[in-house]
1. Quick check on the stretch 182-203: of everything there that is within 14 Å of PRO39 (Cβ to Cβ) and not aliphatic (A, V, I, L, M), which residue is most open to solvent (accessible area, probe 1.4 Å)?
2. Where the second residue is open to solvent by less than 100 Å² (accessible area, probe 1.4 Å) and in a loop (DSSP other than H, G, I, E, B) and the first is touching a residue at least 24 places away in the same chain (Cβ under 8 Å) and lies in the stretch 2-15, which pairs have Cβ atoms under 8 Å and are six or more apart or on separate chains?
3. So GLN77 passes all but one of these: (1) within 20 Å of the chain's Cα centre (by Cα); (2) more than 30 Å from VAL114 (Cβ to Cβ). Which condition number does it fail?
4. The conditions are (1) touching a residue at least 12 places away in the same chain (Cβ under 8 Å); (2) within 24 Å of HIS118 (Cα to Cα), and SER34 fails exactly one of them. Which is it?
5. Tell me yes or no: at least one residue of the stretch 143-163 is in contact (Cβ under 8 Å) with a residue 12 or more places away in the chain, small (Gly, Ala, Ser) and crowded, with 21+ Cβ neighbours inside 10 Å.
6. Pairs under 8 Å by beta carbon, first residue of a type in the set (A, V, I, L, M, F, W, C) in the stretch 176-189, partner in a loop (DSSP other than H, G, I, E, B), six or more apart or different chains?
7. Read through the list (1) touching a helix residue (DSSP H, G or I) at 6+ places or on another chain (Cβ under 9 Å); (2) closer than 22 Å to THR47 by Cα; (3) assigned to a helix (DSSP H, G or I); (4) open to solvent by 60 Å² or more (accessible area, probe 1.4 Å), then give the number of the only condition that LEU105 fails.
8. Does TYR44 qualify as being more than 23 Å from THR155 (Cβ to Cβ), assigned to a helix (DSSP H, G or I) and hydroxyl-bearing (Ser, Thr, Tyr)?
Amino acid sequence: MIALARFMLRSYTRRHTYFAPLAATLIAMFILYSYKPNPVMDSYSVTSVFLFLGAAWMGRTFLNHVSPQQEQLHVTQIGSMKKYLLSQMMALFVPIVLFTVLFILFPIVTKMFVRPVHADELWLAAFGHLVMGMLGAALSLFFQTALMPNGARATAMLLIVVIVSIGAKSITAHLPSPLAWLRWLLPPVSSLMDGLLNTGTTVSPHEVWGMVGYGLAYSLALVLVYMYVSVRRDART
């Protein structure tokens, strides 16, 4: 699976479809840090959203760069659809880790912060970025050509889901109490972003870690649903 994941990444970078999401994400980061000093957790909260957006965009372009014929060939070579899907997840996780390292270390190395970053803040920000990236990539799984052939519609729907995820806290605040449970159906992007932003002030670090754990569980649940749907689709074909 590692070899297949490596091959997928090489194939993806050769097609240059990665350039737009990569460039947009980096430009957003450079604009954020175009002046200094910057508050620590406030900045990390913003860059975690950048990673969420970039991972969703990159995930969709990554999943659509392989033709159905190539996909079936990979499945045949590796032996099962599940192994192929796990290879996809491994390949998608690599750029998320690289972006996380960049977003965490760049402002520290370039001394963009108003003060030194504490170790507990560093760990919290790092895992927060990883989970936000995983949420973006996990959402993109359901808007690929294999599951949604109309590319324009898939892009529009993914954009809507991303926007609603970011504004979920404000949206659910206006729901009547009988519908308050709907907030648990939405990706916890807004809650995690708010937790990173207000950690140590209105939100305790323990609460933020709880949000990180919930975001991780939500991402894994999306991946499991995607794998179930994909295996069923492959069995029918």
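The values are calculated or read from the model by the stated rules, or taken from the named source; none is laboratory data. What you see is a predicted model; the values in this text were computed from it and never measured. Cβ coordinates were reconstructed from backbone atoms using ideal geometry, including for glycine residues, and neighbour counts include every protein chain displayed. Heads up: the accessible areas ignore ligands, DNA and RNA and are worked out on the full protein's heavy atoms, side chains in. Shrake-Rupley method; radii C 1.70, N 1.55, O 1.52, S 1.80 Å.
1. THR201
2. MET8/VAL66; SER11/HIS65; SER11/VAL66; TYR12/TYR18; TYR12/HIS65; ARG15/HIS65
3. Evaluating GLN77 over (1) within 20 Å of the chain's Cα centre (by Cα); (2) more than 30 Å from VAL114 (Cβ to Cβ) leaves (1) as the failure.
4. (1)
5. Checked the stretch 143-163: no residue is in contact (Cβ under 8 Å) with a residue 12 or more places away in the chain, small (Gly, Ala, Ser) and crowded, with 21+ Cβ neighbours inside 10 Å.
6. Taking only residues 6 or more apart or on different chains, the pairs are LEU182/LEU175.
7. If we test LEU105 against (1) touching a helix residue (DSSP H, G or I) at 6+ places or on another chain (Cβ under 9 Å); (2) closer than 22 Å to THR47 by Cα; (3) assigned to a helix (DSSP H, G or I); (4) open to solvent by 60 Å² or more (accessible area, probe 1.4 Å), just (1) comes out false.
8. So TYR44 passes the test.
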